[in-house]
Every structure is written in structure tokens, then in C-alpha cells.
Amino acid sequence: MAPPPSAIPLFKPSSSPPPSFSSSSLLLHNSMLKRIAFSFSLHRSLSHPTKLLPSSTTTQHISPAHFPALSSLIFRRPVYASKLLAMAEQTSNPASQSHKHTNRLAAEHSPYLLQHAHNPVDWYPWGEEAFAEARKKDVPIFVSIGYSTCHWCHVMEVESFEDEGVAKLLNDWFVSIKVDREERPDVDKVYMTYVQALYGGGGWPLSVFLSPDLKPLMGGTYFPPDDKFGRPGFKTILRKVKEAWDSKRDMLVKSGAFAIEQLSEALSASASSNKLPDGLPQHALRLCAEQLSESYDAKFGGFGSAPKFPRPVEVQLMLYYSKKLEEAGKLGEAKEGLEMVFFTLQCMARGGVHDHIGGGFHRYSVDECWHVPHFEKMLYDQGQLANVYLDAFSIIKDVFYSYIARDILDYLRRDMIGPEGEIYSAEDADSAESEGATRKKEGAFYVWTSQEVEDILGKDATLFKSHYYIKPSGNCDLSTMSDPHSEFKGKNVLIERNDSSEMASKFAIPVEKYLDILGQSRQKLFEVRCTRPRPHLDDKVIVSWNGLAISAFARASKILKNEPEEIKFNFPVVGSDPKEYIQVADRAASFIRRHLYNEQTHQLQHSFRNGPSKAPGFLDDYAFLISGLLDLYEFGGQTNWLVWATELQDTQDELFLDREGGGYFNTPGEDPNILLRVKEDHDGAEPSGNSVSVINLVRLASMVAGNRSDHYRRDAEHVLAVFETRLKDMAMAVPLMCCAADMLAVPSRKQVVLVGHKHSVEFENMLAAAHASYDINKTVIHIDPTNSEELQFWEGNNSNIALMAKNHFAADKVVALVCQNFTCSAPVNDPGSLVALLSQKSSSSA
């Protein structure tokens, strides 16, 4: 469905990158970029940056400046959807094959590496065995980086890595290494950063050639197997790299070493001061909102143009800024921002990017109207999207948004949770059209013909087809596609109407009956869909992504208690008691603590599949998990989750914090084979670890007192100071960091303290009231002073909270106090009074 990485345009700042693309930001000053560009002319002779020409033509450019033999590698040709689909259809069904070859990857746990375990390529996993072999043979290393649900990784495997001729060239001339970017994001970051720094874009599969000491020699993304239309194939690339290695080795190695040296200097920037200049947080927040507003699509929702991505950090910023405007009395401007968000969330939910039959969201839409998706499903999208729909519901109290939040979370509960509560990573876009089929197609699991719908739904088919725009000829004839009819000719992606009342009148039935028929019909289609071959499930458990999901499940448990009692749900939403969601969060956090946390060293491992991975926990693992644990505590979890969050923050600071220069590095820095330590700031498909860490520090500082609170705030200020230039000049690249900077600048954060026995209906209702309204600059603390462990924690970390609990405890009720600016309200003991108290205007301003 999606064009290959080499055919996707590099994006304007107003857009998110495609999923097969990485767009991590670089903190390179213009002068340094010029130095690197000048020094990398040798690399340019071997690399292939990708560009999209106006006529949908792709160009891979390899400069012949230093190597005349490479001059024939300049080419251009059109790429059409029909050709891309043909590539995708070649993916074989592993169950139907006998294994002629088996390589070292067969002993690995990563689903992506196991997919390549029977290639004729003599693959190595990333590690010393491969490096030693390259040194021994004195040959370059070829590194192929991807992930198990990557569509174009599958294509390159079928075309090149399963080809005996390609395998012979790789085996004779190179040491070949396969890397799962989800299992080893540190390795991916080094070489993706290299490719991006030189050419402005990259993607997966990432194809990089290294010297035996791991310095990059050249890099690219997807390569076709053979020369066509003047375009060099992968075999040609291999021959030319071999020739260059034999004849110009010293120049290549020196240039690669210089590249790493310059990137290391640029990406480990230090702050020039310990805090941001006064006023910059407010400026950055306003600038980011203005830039996003300028890129807003008023016709179809979203920010930017096709392909469109649900980048939740953009929605988070617009909601946060609108709240600030409202507090400042600028109601008109606040309303404009909210309308952009609500319309965007509605368009996404009604579009084909939303799985109406099974729940959850696909990765992105190839068109501007959220119609035809790239069908893979990623856990990091589900967790973040559930949270922004919960935020929208808490602001406007429209059950449309709570319904979609439940839709996402119920999909995860049904399809993505393991036996011990662990939450899996992703589902592939590709699957076989029928059992025993030898070819896979993207979207085969999800699309329908009109006849299929009629056969399954019978008398209700007409209503259902009208509601979801299902046509006999198919509904994927998008003019935005280069070859529109070839992808899913005769197939339909469900797109929902937004006029159920009118449609019910048309069919002369009550609206409730109309919605019931739709729900029953979706369930029937779901049951039939379950008989189709399923897309591949990546059952790897990644700590960072689980942290995002833990947050969503925990928050849903209380925010959804504010739904009206008479609400009715239809399939695929289960409509369960919201308190069940916090149990999901609790189990996922318990799995990580049990299997991926060392109680002696207090350190995390990055991922789990049939045991913990070899990779250590990275910054995102700590930051996202701490955020999830804070939400788990604030929304009703036990105090032990808060205790663990503080312990993890201590470990994060020890492993990643640059105490001299400020900011957090992405890796611990203990592995000499990882050549770059990056201070990441870009808030993209996932937020940056630095942005999330600042918010964590602000939240922790509002819970504890004294020197520890001051310490958290100072660290947060120093982190932000590293990214001063980004916040000042390129705010739209760092939307969550803009929110974080403003949160830190708020003079006094609101505290809601609940005192009383837990595990009671009264406590649950008061906690739901505490979270009924949207307010990011609010901390909820709950304490039972009769619990000795809880009381001991608070006496050691914030004696004021402990004293407040002792003074206001009542055995027969739950008491709430709202504190801000060193002043606390009179205690209240019913949910309505607490909601009213929290509805009063905050002292913070835009």
C-alpha cells in the first residue's frame, strides 16, 4: 500500500514522517552542517539520499565525484502502486516452506531476526562474533536494520535476501548483520542519524555499510534487486562498494571516522546556562501552536498534508495551549484551538485509519482524508491515541471520544496482551488472503468486497454499506494515488458516516436501533475476519511502549467513570467497568518489574521475548515507564508504584544525565560498539525521552518536598536549557517539550490530596472527581494514614502531606483538599463539591 522508503517525500516541518521513515532531529548548527557536508563528499559518492520528483519519480543519487566507476549509478524512474503491490505479494508464507538454509539468527528471540533465520545470507546478530569475523576477513560489514512489521523490510527480504545470487555476493565480500531496531534502538540511532545528517531523510529497511571498526562508509534505505530504468540494483551497489573498499579504503575509513566525530560533537551539545531565559517557555508554546495552526487541514482534519499521521504530541500541545488561553480569559482563541483538535480526532476516528471492526488505529493514512491506511498497528500509537481521546472527553464530555478511547483499549485487551499481563508490540500490515496462500498482501486481513458484506449481513447489508461507504466497485479509487485502481480493486476500507440520525430516519428506524444494527453487523464481520489468516503479531514486550499503554489504561479507569450512566456500547467496545482498566495497567507494570528489572542494580532491560533481551534499558524505557507509573499511582494504584517511579528516576539520572552539560543521553554509554550518544529532542511518532523526563521531574517535584523537590526542578531546568535553540526557533519539532517547559514555568502547581480508606466506592468516586476535568498542571495524591507503609513514605518524602492526612482523616469518609500557592482549601467530602472546587480558575496563565 505505502510507497517504498525511496518513494516517500521528505516532509515539510509541518508534517510527521512516514512510519518507514525516521526524522529524529539533529542539533547541528549551520556551520557544523557545512563542515560535515564538505568533509562527507567521499560518503556522498557511495550513498543514496532519496527525493521525490514532481512527477512522482524517485531518484537515488550517488555522486561520481571520487569514484568514476560509480557514475553509472545515477538514475530515475516512476514507481506506481501496482508495481509496489506486486512486490508485497511476493512475501512467502513460512509455514509452506521447507528450510533449505538456516543461519545464526535461528538462535535469536527477536521476531524480526527469526524472519530472516532461513535466508541464504549468512546473517550474524549484532555482536562481537560478527565484528571479529569482519576483522579477521578484513572485509566491510553490511548492516540491515528493520522491524518485524515493516512492509518494505519484507519486500527487500523477498527480492534480495532470499536470492541466492545476492546472498553469494554478501557472503563472499561482507560480514552481514541483521538488527531489530525495536530491540536495539541504540544501534539504529547511530546509523540512522548518520544517513539523516548527510541526506535529510532515512527509513527502514536501513542499509548501511561499515568498516570492521563500525565506522559508516555509506548508507541508504530500500534497494531494488536489479538495475532497471537506469536505477542501480542492490547487486550493483554491492559490487561498487567492494571496488571502493579495495581501491579507496583509507579515504572511506577516515571519512567515516570524521563523520562520527562531528556527529558526536553536534549531538551531545551542552547548555550554556542552567535554565531557559525568562519568557521563552511561553514564547515556544505560542509559537508551536501558531505553526501547527498554519498547517491545519480545515477540510479533513490533521496537521500537514498526505500521507497523514496521528501524531498525538501535536494534539497534546493544542489541548494544553487552549487550556492556558482559557485560563487567561482568551476564550475565542481557546475555542479555535479546541475545534481543530476535536475535528481532527473525529476525522481520524471515522476514517479508514481506524479499524472499525476490531478497534485500534493503523499506522497512518496514505491520503489526506484518513481513508486508506498503511495497515500495521503499533502499540506506541494505541497508548498515546487513547490518552488524547480521553483528554478530549474530559474537556467536552462528549461520549464520542470516550467511546473511541474504549475502542482502542479493548482492542489491546483482546488481541495484544500476554498471559502475564505483558503488552505486545505490533501487528503487521501484510497477511495471506487465504489459508495456504504463498503470497501476502498488505491490508488483506482488513478489506472487504461489497459481495462479502452482503453475504455475511443479509438484510442489514444495505444499511451497513450505506453507513460505511461500501461500493460494488470498491472505495479505494483515490485520485491521490499514483495508480489508484490497482491496489485494492473491488475492495473497500470502512469509512464511517457522521450523520447517524439522518441515516436512521432514512431507514425509518430509531437511532438506537440503527446503532444496534451497526454494532451487530460489525461483530458478524469480526467473526468472519477471525477466520482469515492473521497478520504477524510481534509479541516482543518493549518497556517504553508498555509505559505509554500503562498510562492510558490507568487514566481510563477514572476518567471514564464520568461517562453518563445511561451510555450504551456496541461492538467492538465491550463496555466494561472502567476499574478493570487499572487492573490491566497494574498487571503490565508487574510484568516489567518481575521480568525486566534487576532489584539489586535497580536497572531495566529494554525488552522481553522468551526472556529478557541483551540490550539494557534506554532513556525512553525509563522515562515512559516512570510516566506510566506516576499515572498508575495518581489514578488509584498503590503507593508502591510511586516508590518505584522515584527509584527509577534515581537510576535514570545515574545512567543518562549529563550533570555538567545538562540533558539526558539516549544510551547508558557503557557499550564501546555504540559510537554515538544522542540527546534526543524530537517529539515525533513517539515523544522524546527528554521531553517526557522534564514532565516527570515536574510531577515528582510537586509530590515530594525540600531538597529533593528542588533537585528535581533544577535538573528539569538544566535539561530544557540544552534545547534552548530548538524551543526558540523550531518549536513545532518539539511540541511536548514546549508543554514541559511551560509546566515547569507555572508558579505553583495545583495539588489535590485525598485522605481516607482506599478500596471503597467513596474513594473511587472522589478519585474520579479529582480527575473529572482536564488540567495537566495538577497533581493528585491519595493517602491512607492507617497504612503504615504509605505513611512512612510520605513522612520521609513530604511531611506536610503526612501531617495533612493525620489531621483530616475520618474513618467513615474520604476527605479532599486542594492546595496551591502554599494555601489549602477547606476540606470537602463529596465528589460534586470537589468537582466544583477544581473548576475554579487556576492561578496559572497563558
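The values are calculated or read from the model by the stated rules, or taken from the named source; none is laboratory data. Keep in mind it's a predicted model, so treat the numbers as computed, not measured. When we count neighbours, we look across all protein chains shown, and the Cβ atoms used for this are built from the backbone with ideal geometry, even at glycine. Ligands, DNA and RNA are excluded from the accessible area calculation, which covers all protein heavy atoms including side chains. Shrake-Rupley method; radii C 1.70, N 1.55, O 1.52, S 1.80 Å.
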Kindly check whether there is at least one residue in segment 765-773 that is touching a Phe, Trp or Tyr at 6+ places or on another chain (Cβ under 6 Å) and open to solvent by 10 Å² or more (accessible area, probe 1.4 Å). no
Is one or more of the residues making up segment 232-255 within 30 Å of Glu157 (Cα to Cα) and under 30 Å from the mean Cα position of the chain (by Cα)? no
Quick check on Ala810: is it without any contact (Cβ under 8 Å) to a residue 60 or more places away in the chain, under 18 Å from Leu630 (Cβ atoms) and open to solvent by less than 30 Å² (accessible area, probe 1.4 Å)? no
Exactly one condition in (1) open to solvent by 40 Å² or more (accessible area, probe 1.4 Å); (2) over 30 Å from Ala615 (Cβ atoms); (3) outside any loop (DSSP other than H, G, I, E, B); (4) touching a residue at least 24 places away in the same chain (Cβ under 8 Å) is not met by Leu560; state its number. (1)
Does segment 217-236 contain at least one residue that is of a type in the set (Lys, Arg), modelled with pLDDT of 95 or more and open to solvent by less than 10 Å² (accessible area, probe 1.4 Å)? no
Only one of Ile626, Ile550, Ile567 that is touching a residue at least 40 places away in the same chain (Cβ under 8 Å), β-branched (Val, Ile, Thr) and assigned to a loop (DSSP other than H, G, I, E, B): Ile567
Filter segment 776-790 down to the residues that are in a helix (DSSP H, G or I) and either in contact with a Phe, Trp or Tyr (Cβ under 6 Å, 6 or more places away or on another chain) or open to solvent by less than 30 Å² (accessible area, probe 1.4 Å) (or both) and list them by number. Glu790
So Ala289 ticks every box in (1) surrounded by fewer than 22 Cβ atoms within 10 Å (Cβ to Cβ); (2) under 30 Å from Val678 (Cα atoms) but one. Which box is left unticked? (1)
Among the residues of segment 386-394, are any of a type in the set (A, V, I, L, M, F, W, C), farther than 25 Å from Leu518 by Cα and assigned to a helix (DSSP H, G or I)? yes
Here is a list of conditions, (1) open to solvent by less than 10 Å² (accessible area, probe 1.4 Å); (2) farther than 30 Å from Pro578 by Cα; (3) free of Cβ contacts under 8 Å to residues at least 60 places away in the same chain, and Leu345 meets all of them except one; can you say which number that is? (2)
Looking only at helices (runs of 4 or more DSSP H) that fall completely inside segment 642-729, which ones have 1 or more residues that are touching a residue at least 12 places away in the same chain (Cβ under 8 Å) and in contact with a Gly (Cβ under 7 Å, 6 or more places away or on another chain)? 689-703, 706-722
Taking Asp180 as the residue in question, decide whether it is touching a Ser or Thr at 6+ places or on another chain (Cβ under 6 Å) and either buried (at least 24 other Cβ atoms within 10 Å of the Cβ) or within 22 Å of Leu537 (Cα to Cα) (or both). yes
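To keep it simple, each residue is scored yes or no on (1) closer than 30 Å to Ser760 by Cα; (2) within 23 Å of the chain's Cα centre (by Cα); (3) modelled with pLDDT under 95.
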residue: Thr639; (1), (2), (3): yes, no, no
residue: Glu647; (1), (2), (3): yes, no, no
residue: Tyr664; (1), (2), (3): no, yes, no
residue: Val694; (1), (2), (3): no, yes, no
residue: Leu697; (1), (2), (3): no, yes, no
residue: His711; (1), (2), (3): no, no, no
residue: Arg714; (1), (2), (3): no, no, no
residue: Phe723; (1), (2), (3): no, yes, no
If you go through segment 814-825, how many residues are at pLDDT below 95 and assigned to a loop (DSSP other than H, G, I, E, B)? 3
Flag for Leu70 being modelled with pLDDT under 75, outside any loop (DSSP other than H, G, I, E, B) and buried (at least 16 other Cβ atoms within 10 Å of the Cβ): yes
Given the criterion in contact with a Cys (Cβ under 8 Å, 6 or more places away or on another chain), over 25 Å from Ala615 (Cα atoms) and either of a type in the set (A, V, I, L, M) or modelled with pLDDT under 95 (or both), identify the matching residue among Met737, Met732, Met703. Met732
Any idea how many residues of segment 500-554 are out of contact with any Asp or Glu (no Cβ under 7 Å at 6 or more places or on another chain), among the basic types (Lys, Arg) and either closer than 30 Å to Ser110 by Cβ or surrounded by fewer than 17 Cβ atoms within 10 Å (Cβ to Cβ) (or both)? 5
Here is a check on your reading of the model: is Tyr622 out of contact with any His (no Cβ under 9 Å at 6 or more places or on another chain) and open to solvent by less than 10 Å² (accessible area, probe 1.4 Å)? yes
If we keep only residues of segment 267-278 that are hydrophobic (A, V, I, L, M, F, W, C) and in a loop (DSSP other than H, G, I, E, B), then the residue modelled with the lowest pLDDT is Ala269
In segment 588-611, how many are touching a residue at least 12 places away in the same chain (Cβ under 8 Å), over 16 Å from Pro668 (Cα atoms), open to solvent by 50 Å² or more (accessible area, probe 1.4 Å) and in a loop (DSSP other than H, G, I, E, B)? 2
Can you give me the number of residues within segment 790-804 that are in contact (Cβ under 8 Å) with a residue 24 or more places away in the chain, in contact with a helix residue (DSSP H, G or I) (Cβ under 7 Å, 6 or more places away or on another chain) and not polar (S, T, N, Q)? 3
